[in-house]
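The values are calculated or read from the model by the stated rules, or taken from the named source; none is laboratory data. Computed from a predicted model, the values in this text were never measured in an experiment. Note: ideal-geometry Cβ built from the backbone for every residue, glycine included; neighbour counts use all protein chains shown. SASA here: full protein model, heavy atoms, side chains in, ligands and nucleic acids out. Shrake-Rupley method; radii C 1.70, N 1.55, O 1.52, S 1.80 Å.
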Amino acid sequence: MKLLFLGPPGAGKGTQAQKVAAAKGLTHISTGDMFRRHMAEGTPLGKRVKRIIALGGLVPDSLTVEMLTPRLDANGYILDGFPRTRPQALALDEAVGPEALDAAVVLEASEEVLVERMLARGRADDTEETVRNRLVTYEKETAPLIDFYQARGIVVRVPGEGEIATITRRILAAL
Ligand code: AMP
């Protein structure tokens, strides 16, 4: 099974992708985690993306696609945080073909809950200004992908507020 977890920052994509990947035996691929690893290890890519991520912007598509593509597992995956732009979505189709995704799970939560969760987790890019930028970036660049995948009939909307285990059950039931 090939899944995409889509939704605004703070919706719980990472947490839920991890749970669902474990439940279904899928590879969890998070571009955010990959970038954080590069930054922690001080690789050339990590140094290059540090400022962009700190400001809440998006890493250029070419760098992101280049990092992500070799990780795509033919046996199935959950993509968490990729694609985030239309060019990335087209790159995914090109890399895998028409069967790139069976479902796009859209986690939904109110802006109040999103901001609250992001400020609570205290990641380096979770300061108030960065959080605002990330929400704006999401609306502008990533939210249009919901329509993109809706046109393929693969969008599954799941309410992302409430307890972690409850949300995991909702996702598994919806798939
Ligand atoms: P995340 O852990 O998914 O919230 O990602 C953290 C940050 O990494 C984002 O705010 C972006 O700056 C960057 N990032 C992660 N995934 C992507 C992507 N697919 N395209 C561009 N930038 C990304």
Among THR137, THR142, THR168, THR130, the single one that is in contact (Cβ under 8 Å) with a residue 40 or more places away in the chain, more than 27 Å from MET39 (Cβ to Cβ) and surrounded by 12 or more Cβ atoms within 10 Å (Cβ to Cβ) is THR168
Test THR64 against the stated conditions and say whether it is hydroxyl-bearing (Ser, Thr, Tyr), touching a residue at least 24 places away in the same chain (Cβ under 8 Å), open to solvent by 50 Å² or more (accessible area, probe 1.4 Å) and not in a loop (DSSP other than H, G, I, E, B). no
Filter pass, GLY81 being at positive phi, within 8 Å of the ligand (Cβ to nearest atom) and open to solvent by less than 70 Å² (accessible area, probe 1.4 Å): yes
Among the residues of the range 145-158, write down those that are part of a helix (DSSP H, G or I) and open to solvent by less than 70 Å² (accessible area, probe 1.4 Å). LEU145, ILE146, PHE148, TYR149
Candidate set: the range 84-104, residues that are within 8 Å of the ligand (Cβ to nearest atom) and in a loop (DSSP other than H, G, I, E, B); chosen: the one most open to solvent (accessible area, probe 1.4 Å): ARG84
Which of (1) more than 12 Å from the chain's Cα centre (by Cα); (2) open to solvent by 20 Å² or more (accessible area, probe 1.4 Å); (3) within 14 Å of the ligand (Cβ to nearest atom) does PHE35 not meet, given it meets every other one? (2)
Determine whether the range 12-28 contains at least one residue that is near the ligand (Cβ under 10 Å from one of its atoms), open to solvent by 50 Å² or more (accessible area, probe 1.4 Å) and either farther than 20 Å from ALA89 by Cα or of a type outside the set (Ser, Thr, Tyr) (or both). no
Across the range 39-81, what is the number of residues that are farther than 23 Å from THR127 by Cβ, of a type outside the set (A, V, I, L, M) and in contact with a strand residue (DSSP E or B) (Cβ under 8 Å, 6 or more places away or on another chain)? 5
Would you please name the residue that is nearest to the ligand (Cβ to nearest atom), looking only at residues in the range 44-59 that are without any contact (Cβ under 8 Å) to a residue 24 or more places away in the chain and open to solvent by 30 Å² or more (accessible area, probe 1.4 Å)? ILE52
